[in-house]
Amino acid sequence: MIDDLCGAPIDDYILQDKVGEGSFSVVYLGVKRHTDEPRAFKIARNEVNQTASSTHQVWTQALMDATGVIVSAPVNPSVFLRKQFQYLQEAGPSLFPRVDGLVEFRGGAAMQMEFLEGLSLRELMLRSEVPDDVLLRLARTLAELEQRGLEHGDLKPENIFVTGERVVLLDPGFFGQLLLTPGASYVRVTTPEYYPSLEPQDITALGLILLELTTGVRLTRGVKEGQVGPGLAAQLEEFHMGNNYFFDSISQISGGTRGGELLAASPLQPVISKALGLECSAAGTLDLGYKYPGFAALESDLQELLGSRHVVSPGVSPADRLPANIPLPPHSQTRPEAIPLEAVCYHCGKPLNGKNACPHCGVSCVAPLCPRCGKPVSHTLDHKESFAEGNGRVAWNSDWDGRCVECGLEFASTIRIRTGHHTFFVRGDAELQEEFQLNNTLEGQSILQIRGTESVYADCDDWEYLPAIEVRVRRAVAANAGKEGEGLTKEVCVTMTLEEWNTVFEQLLGPLGVLVQRRKWSRDTT
C-alpha cells in the first residue's frame with residue numbers, strides 16, 4: 001500500500017518516513033544509498049482518497065460531484081502529478097521546491113524533488129509565530145510568480161512553507177483539461193475555502209489567508225449574520241450553488257458582526273479588503289469595492305503597513321478584543337538576553353548562530369507577542385539545553401506564569417453568558433441569582449473559565465511537559481440529574497491539548513458545521 005512504503009527502494013534511494021499526504025499523493029523522505037543525501041518523493045495514489053486531507057482541505061472535485069452543478073470527470077492521480085511536474089519545471093526552483101525528475105513507481109508516477117526542512121504557514125499560525133518578514137516574502141514570491149505569467153491555484157496556509165530565508169510554495173492546483181483529447185472535461189483541483197468562485201484567483205486566496213491570520217476568522221460556515229449589498233449579492237449568486245457555504249459566510253465580516261469588528265481592528269484591514277475586493281459602508285453593509293489588479297500593488301501596501309506594525313496570529317486575540325479596564329503597568333526595561341552562539345534550535349537542533357530565528361528552519365525562538373503591548377510575553381527563549389542528568393528541549397513557556405512579562409496581561413478569561421436551560425425552578429435562590437447575576441430568571445446563564453495549564457508525564461527518567469487548555473463551565477441549572485452522559489451537568493471541566501482543541505474547532509467549522517446550526521425548541525405539556 002502507498003501509505004506504508006517505509007524501507008521500500010525507489011531509484012537509488014530508500015524511503016524512510018512519510019512526511020505528508022493528500023487526496024492525490026503521499027510524500028516520503030528518501031535517503032540515497034551510501035551518502036544519506038535526502039530527497040522528497042511525491043508518490044501518486046492509485047485512486048483519489050477524499051478523506052486523506054484534513055477537514056479544511058476540501059477537494060473541489062468532491063464538491064462538484066456532491067452538488068451536481070459542475071460536470072467533471074474523475075481525476076487520475078498519476079496524470080495530475082505529471083501535470084504538476086510540468087508546472088514546477090516551468091515555474092523554476094526559486095518559488096517552489098526544486099524538482100529532479102519524474103519516475104515510474106509501482107505502476108504510477110513519483111516525483112523526486114528537494115527535501116525541505118521548516119514549517120508550514122499553518123504550523124506557524126498555530127504557534128502564533130508569523131513574523132512580518134514572512135508575509136512580506138510571501139507577497140514577493142507571489143508577485144514573482146505573477147510576473148512569470150503563472151497562478152498557483154491552491155494557495156492556503158498548508159501550501160506555504162517557510163525554510164530558512166525562503167518562503168516556498170507547495171502543491172499548485174489546477175484549472176483546465178488534464179487530458180488533451182477531444183471532449184475532455186474541464187477539471188478544477190483547488191480548495192473552495194480560499195477559492196470561493198472556483199476560479200484561480202490567488203489574490204482572493206491571500207486575502208482570506210490574511211483575514212484568518214490576523215483575526216482568526218475562517219469563512220467556512222454557511223451562517224448568515226450581517227448584510228451584503230446588491231453588487232456583492234449578485235456576484236455571489238453566480239456561484240451560489242457551486243459553493244453555497246460562502247454565500248452566507250461572507251456576511252460574517254460585514255459591519256456590526258463579530259467578524260466585522262475583528263477585521264476593522266486588524267492592522268492589515270486595508271490590504272485584506274482590497275485583496276477581497278470588498279468595502280463596508282458606514283451603515284455596515286458589505287459590498288463590492290476596489291480590488292488589487294495584481295500582487296505588485298498588494299506587496300507595496302503590505303510593505304508600507306508592516307514597516308511599523310506587527311501582525312497578531314490567531315493564537316491570541318487582537319488588542320481591540322481585550323477589555324478596556326485591564327491595568328497596564330509600566331513596561332519593563334529588561335529584554336530577552338542575546339542567544340549564546342553555541343545555542344541550537346529547539347525545533348531542528350541546528351546552530352542558531354546567535355539569531356532569534358533559526359537560519360535553517362526559519363522557526364522563531366522568541367515568545368509570541370502580547371496583543372496589548374506588542375512585546376514578547378516571556379523573556380525565555382526556545383532552545384535546547386544540557387542538564388546534569390541529560391538533555392532537554394526548553395520552550396519559552398517553561399517558566400511562564402500565564403501573564404505578559406511586560407504589561408502584566410493575564411491570558412485567562414471568566415465569562416458570563418446567557419445559555420443553558422432557563423432558571424424557572426431556582427428563581428427563589430438569592431445566592432444563585434447573585435452569583436450568576438440573573439436579571440431575568442427565565443434566561444439560562446453559565447460561567448465559563450478558560451486558562452492555560454500544563455500536563456506533566458514522567459516515564460523512567462524522561463519528563464514531558466505538555467501545554468493544555470482547561471475550560472470549566474458552571475451552569476445555573478443542571479439537566480437529567482442522575483443520568484450519566486445525558487444532558488448538561490451543573491459543573492464540568494474539560495482539559496485537552498492544543499492539537500485536540502484545534503481538531504474540535506476544525507470539525508465544528510467544517511464537516512460537522514450542521515451541529516452548531518441547530519436551534520433550541522420546547523413544548524408545553526400543561
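The values are calculated or read from the model by the stated rules, or taken from the named source; none is laboratory data. Just so it is clear, the model here is predicted, and its values are computed rather than measured. When we count neighbours, we look across all protein chains shown, and the Cβ atoms used for this are built from the backbone with ideal geometry, even at glycine.
Take the conditions (1) of a type in the set (K, R); (2) under 20 Å from L198 (Cα atoms); (3) modelled with pLDDT under 90; K156 misses just one of them, which is (3). Test L88 against the stated conditions and say whether it is part of a helix (DSSP H, G or I) and modelled with pLDDT of 90 or more. Criteria met by L88. Total residues in segment 256-295 satisfying the condition of being of a type in the set (A, V, I, L, M) and part of a helix (DSSP H, G or I): the figure is 8.
Does segment 193-204 include one or more residues that are among the charged types (D, E, K, R), in a loop (DSSP other than H, G, I, E, B) and modelled with pLDDT under 90?
yes
Residues checked against (1) assigned to a helix (DSSP H, G or I); (2) within 30 Å of E193 (Cα to Cα); (3) modelled with pLDDT of 80 or more:
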{"position": "P467", "(1), (2), (3)": "no, yes, yes"}
{"position": "C493", "(1), (2), (3)": "no, no, yes"}
{"position": "E499", "(1), (2), (3)": "yes, yes, yes"}
{"position": "D524", "(1), (2), (3)": "no, no, no"}
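Determine which member of the set S446, S455, S398 is loosely packed, with under 14 Cβ neighbours inside 10 Å, within 35 Å of the chain's Cα centre (by Cα), modelled with pLDDT of 80 or more and of a type in the set (S, T, N, Q). It is S455.
Just one residue in the set T414, T419 is in a loop (DSSP other than H, G, I, E, B) and either at pLDDT below 65 or more than 30 Å from V344 (Cα to Cα) (or both); that residue is T419.
Looking across segment 163-183, the residues that are out of contact with any strand residue (DSSP E or B) (no Cβ under 6 Å at 6 or more places or on another chain) and in contact (Cβ under 8 Å) with a residue 24 or more places away in the chain come down to T163, G164, E165, R166, V167, L169, D171, P172, L179.
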